[in-house]
1. Could I have the simple spin-label model distance between R220 and S196, label points 7 Å from Cα toward Cβ, reported in nm to one decimal?
2. For helix 140-151, what angle does its Cα long axis make with the longest principal axis of the chain, in degrees from 0 to 90 and rounded to 10?
3. Over 28 Å between C-alpha atoms is what I'm after, so list which of K54/K128; K54/K181; K13/K181; K65/K181 land there.
4. If the only charges are +1 at each Lys and Arg Cβ and -1 at each Asp and Glu Cβ, what is the size of the charge dipole of the chain around the Cα centre, to the nearest 20 debye?
5. Among V95, S263, P43, pick out the residue whose Cα is farthest towards the positive end of the charge dipole of the chain, where Lys and Arg carry +1 and Asp and Glu carry -1 on C-beta, about the Cα centre.
6. Between beta-carbons, use under 14 Å as the cut-off and find the net charge around V250, counting Lys and Arg +1, Asp and Glu -1.
7. When Lys and Arg each count +1 and Asp and Glu each count -1, what net charge do the other residues less than 15 Å away from G144, Cβ to Cβ, add up to?
8. Would you kindly calculate the mean projected area, averaged across all directions, of the convex hull enclosing the Cα atoms of the chain, in square nanometres?
Amino acid sequence: MSRLIEGRVIAGKVYAELRSEIAQLKQRDRIPGLAVVLVGDNPASRAYVRSKDKMCRDLGLYSVKLELPADTSQNELLARVGELNRDPAIHGILVQSPPPKHIDEAVVVRALDPAKDVDGFHPANVAKLTLGDESGFVPCTPLGCQRLLIESGIEISGAHVVVLGRSMIVGKPLALLLMRKGRGGDATVTVVHSRSRHLAEITRSANILIAAIGQPEFVRAEHVRDGAVVIDVGINRVDDASSERGYRLVGDVAFDEVCEKASAITPVPGGVGPMTIAMLMSNTVKACRQQIA
């Protein structure tokens, strides 16, 4: 049976470190500020924004939750982003994804001040990640995956990491992050996806397999070598009549099968998810520190 890599426990360690750093900033009359912008009334997005706001308040950060109606125009949204860019009390800005269909998300991301882009999606921050410039911001989920591996004592340097998924949210930035020189990097990384040939053969070669393909329980035992470490980024709802909610949450990995082969594995929920919010808080504190430097 695999060792569980519990994101909630490791996120708790991150928060303990952040509380100390936030206290030091407050001694200098600086309070890190995060603004989260939500357009529309997507239930999942609203719940996620609530959890971010709650964690900000728990840590003692200045939190702004800007909720805009679904019919907000792109120009109106860009104007609000501009206001937040200019607000010295706001160090990090996040526009919750996905926005309504009439909003061009790429345009909104490019309108963010890169120094406040704590989601790490602005082209300037993507470039810094590619160049190995640590002053940039790394997307929160990849950063959380890396931290899970480091805190679990899993050797990344020299390991063959296979990343299943090529999105700009997880797959691509995670590959770049794990290839960087230094602590938490120096891996040999292969990125595969739904169009890759001989997929199972490639994933079975991995010392560390990271699943971020967005398909429920896609990774089966046949995809995993004995003793591999498996990080499951996915979170999917599947119908389940036996559940009170009528559904259950599963990852991109068939947990019951894979845990019999893996040496360590993240659960869903409770694995990568808590780390994403922890890294958002960490990026916000980093943004504050850099802006006052």
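1. For R220 paired with S196, the spin-label model returns 1.8 nm.
2. Between the helix axis and the principal axis of the chain, the angle is about 60 degrees.
3. The answer is K54/K128; K54/K181; K65/K181.
4. About 600 debye.
5. In the chain, that residue is V95.
6. Working: positive: R220, R237, R245, R248; negative: E217, D232, D239, D240, D252, D256, E257.
Charge balance in the 14 Å sphere: -3.
7. 0
8. Details: hull surface 62.8 nm².
Averaged projected area of the chain's Cα convex hull equals 15.7 nm².
The values are calculated or read from the model by the stated rules, or taken from the named source; none is laboratory data. Everything numeric in this text was worked out from a predicted model, so none of it was measured. For neighbour counting, all protein chains shown are included, and Cβ atoms are generated from backbone atoms with ideal geometry for every residue, glycine included. Note: areas computed on protein heavy atoms with side chains; ligands, DNA, RNA excluded. Shrake-Rupley method; radii C 1.70, N 1.55, O 1.52, S 1.80 Å.
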